[in-house]
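Step one of this worksheet: look at the structure below.
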Amino acid sequence: AQRVTQPEKLLSVFKGAPVELKCNYSYSGSPELFWYVQYSRQRLQLLLRHISRESIKGFTADLNKGETSFHLKKPFAQEEDSAMYYCALYNQAGTALIFGKGTTLSVSS
Amino acid sequence: DAGITQSPRYKITETGRQVTLMCHQTWSHSYMFWYRQDLGHGLRLIYYSAAADITDKGEVPDGYVVSRSKTENFPLTLESATRSQTSVYFCASSEPRQSYEQYFGPGTRLTVT
């Protein structure tokens, strides 16, 4: 079965602290994985795609096939990082995304 | 650059009424999607369309109907609204030949009383 699991509903950190948003997946073969972000009152937007291996807004994510994980990390959280973060996986047919339930990140000063 | 738009942005309707949510994109993307966003469930796919006149069910299609007579439009109809359909609905589009990225609309907040 294809599935994305985000075990944390809410992650609260202080400004300047490291952040790790967890994502685990279930998939047969080579997955296409993404992180999407939704800031308050804004639409969802793509943050990262695992193939690009870019760092966007200081965030990185590494695909670990052994642990079937795609955790999102940032060494120093900023208040503007507060948002809802969704991990997503392209389905086997390559036609649609399967989203996790999302993690709300709250960064306070 | 209009991108992808949804209307209405907010809607309150009564149980049993029919309501249609509109989605329009200006990129000529072949794929379009409808999701609902609920606390505790995240985003769940309702229906998607790979091209005009081609639609397919997602994870939670019951109670919804879609059509796609034109590439740029993908309306979602609730034939007889129920309280359980109170949600935020997001439309998205993508062009897999160019990129796997999905572009999302601003959402429609629907309340069924």
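The values are calculated or read from the model by the stated rules, or taken from the named source; none is laboratory data. Just so you know, these numbers come straight off a predicted model, no measurement behind them. In this analysis, Cβ positions are derived from the backbone assuming ideal geometry, glycine residues included, and neighbour counts consider all displayed protein chains. What goes into the accessible areas is simple: the full protein's heavy atoms, side chains included, and nothing from ligands, DNA or RNA. Shrake-Rupley method; radii C 1.70, N 1.55, O 1.52, S 1.80 Å.
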Looking at (1) farther than 27 Å from A:I51 by Cβ; (2) within 14 Å of chain A (Cβ to nearest Cβ), which one does B:Y100 not meet, given that it meets all the others? (1)
Note on the stretch B:55-86: residues away from every other protein chain (no Cβ under 14 Å) and among the hydroxyl-bearing types (S, T, Y) are B:Y64, B:S67, B:S69, B:T71, B:T77, B:S80, B:T82, B:S84, B:T86
Meets criteria (more than 22 Å from A:G100 (Cα to Cα) and in contact with a Phe, Trp or Tyr (Cβ under 6 Å, 6 or more places away or on another chain)) for B:V66: yes
Any residue at all in the stretch A:55-75 that's farther than 22 Å from B:H41 by Cα, within 14 Å of chain B (Cβ to nearest Cβ) and either touching a strand residue (DSSP E or B) at 6+ places or on another chain (Cβ under 7 Å) or part of a strand (DSSP E or B) (or both)? yes
A:I98: facing another protein chain (nearest Cβ under 10 Å), open to solvent by 30 Å² or more (accessible area, probe 1.4 Å) and assigned to a strand (DSSP E or B), yes or no? yes
For the stretch B:3-29, name all the residues that are more than 14 Å from chain A (Cβ to nearest Cβ) and assigned to a loop (DSSP other than H, G, I, E, B). B:P8, B:E14, B:T15, B:G16, B:R17, B:Q18, B:T26, B:W27, B:S28
Please state which of the following conditions A:A93 fails to meet, knowing it meets all the rest: (1) in a strand (DSSP E or B); (2) at the interface with another protein chain (Cβ under 10 Å from one of its Cβ atoms); (3) open to solvent by 40 Å² or more (accessible area, probe 1.4 Å). (1)
Could you please find all residues in the stretch A:9-44 being of a type in the set (S, T, Y), over 17 Å from A:A77 (Cβ atoms) and open to solvent by 30 Å² or more (accessible area, probe 1.4 Å)? A:S26, A:Y27, A:S28, A:S30
For the stretch A:10-37 the number of residues that are within 13 Å of chain B (Cβ to nearest Cβ) and in contact (Cβ under 8 Å) with a residue 60 or more places away in the chain is 5
Residues being closer than 22 Å to A:Q92 by Cα and surrounded by fewer than 15 Cβ atoms within 10 Å (Cβ to Cβ): count how many of those fall in the stretch B:49-80. 4
Where residues in the stretch B:28-46 are without any contact (Cβ under 8 Å) to a residue 24 or more places away in the chain and not small (G, A, S), which of them is surrounded by the fewest Cβ atoms within 10 Å (Cβ to Cβ)? B:L39
What are the residue pairs meeting all of these: first residue in the stretch B:1-25, first residue more than 13 Å from B:R83 (Cα to Cα), second residue of a type in the set (D, E) and surrounded by 16 or more Cβ atoms within 10 Å (Cβ to Cβ), Cβ atoms under 6 Å, and 6 or more apart or on different chains? B:H24/B:E72; B:Q25/B:E72
Cβ-Cβ distance below 6 Å, separation of 6 or more or different chains: which pairs start in the stretch B:70-88 with a residue that is under 18 Å from B:R9 (Cα atoms) and end on one that is assigned to a helix (DSSP H, G or I)? B:L78/B:Q85
Looking only at residues in the stretch B:30-44 that are more than 9 Å from chain A (Cβ to nearest Cβ) and touching a Cys at 6+ places or on another chain (Cβ under 8 Å), which one is nearest to B:E72 (Cα to Cα)? B:M32
